[in-house]
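Notes follow the structure.
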Amino acid sequence: MKLTDKLKDSIEIDGIVFEIDLPFDKVLKSFELFKDDSIPDNLKVDIFVEMFVKNYEDAFQLDTEQIINLAKAIFQDLILYEKPKEKSDSTEKNYDLDQDAKYIYSSFMMDYGIDLFEVQGELHWKKFNALLSSLSEKTMFSRVVGYRTMDVPKANKHNSKERKRIMELKRIYKLELSEEERKERLKKKFEKLDNAIRR
């Protein structure tokens, strides 16, 4: 994300330029698409491409291999655009966009006065991520992430209540699946999808 560049997303496949529409709510819907086992694999790629490509009619010129490459480019280059971070406790994300939806919603309202329901179709995915990562410590989202990452102090004769409080907060706000695990599963699902279609 460069402040000198406009957020205009496009991908070129064999000389054809595809304009990509990338609001945050479409990206979240695409995550749901990959998790939906009721939709056949070959349809998922077509639905995914149709969701994001503005000039979708140009995709009719592409063969199966090119469609897969287009979908992969949208997913890897535009949605999962962040460079991989070194794995450590301090850099690991401890949130999930689905499980923490209510905390994210209320925190955007609190810090920015943004109603995420009202900006669906408008707020760019990269803007959404930039705002999400910059939420203040007073927001519920940041507090919940803080509870999850908080260390439980070693037991001594003075801190039993504090230890109990921290462990209870960790239990209440525990994730079923971390954001990093969710992204990793999505990557694997996409790779599996890719391999299944190519066969």
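Some values worked out for this structure:
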| quantity | calculated |
| --- | --- |
| Cβ pairs under 6 Å, 6+ apart, first in the range 96-117 and modelled with pLDDT of 95 or more, second among the small types (Gly, Ala, Ser) | ASP111/SER136 |
| Flag for LEU132 being of a type in the set (A, V, I, L, M) and at pLDDT below 95 | no |
| Answer residue from the range 125-136, given it is touching a helix residue (DSSP H, G or I) at 6+ places or on another chain (Cβ under 7 Å) and not in a helix (DSSP H, G or I) and is nearest to LEU28 (Cα to Cα) among those | LEU135 |
| Test set (1) surrounded by 17 or more Cβ atoms within 10 Å (Cβ to Cβ); (2) part of a helix (DSSP H, G or I) - LEU116 fails condition number | (2) |
| Count - residues of the range 112-161 that are β-branched (Val, Ile, Thr) and farther than 22 Å from TYR173 by Cβ | 2 |
| Residue in the range 76-94 that is buried (at least 16 other Cβ atoms within 10 Å of the Cβ), within 20 Å of LEU7 (Cβ to Cβ) and at pLDDT 95 or above present | no |
| Some residue of the range 21-39 being assigned to a loop (DSSP other than H, G, I, E, B), of a type in the set (S, T, N, Q) and farther than 25 Å from PHE128 by Cβ | yes |
| Residues being over 30 Å from LYS8 (Cα atoms) and surrounded by fewer than 17 Cβ atoms within 10 Å (Cβ to Cβ) - total across the range 119-139 | 2 |
| Any helices (runs of 4 or more DSSP H) falling wholly within the range 139-199 and containing at least 3 residues that are assigned by TED's automatic domain parsing to the domain that holds PHE48 and modelled with pLDDT under 80 | 179-198 |
| Every residue from the range 11-46 that is under 18 Å from GLU65 (Cα atoms), among the β-branched types (Val, Ile, Thr) and surrounded by 16 or more Cβ atoms within 10 Å (Cβ to Cβ) | ILE11, ILE13, VAL45 |
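The values are calculated or read from the model by the stated rules, or taken from the named source; none is laboratory data. This is a predicted model, so every value here is computed, not measured. Neighbour counts are summed over all protein chains in view; Cβ atoms, including those assigned to glycine, are modelled from backbone coordinates with ideal geometry.
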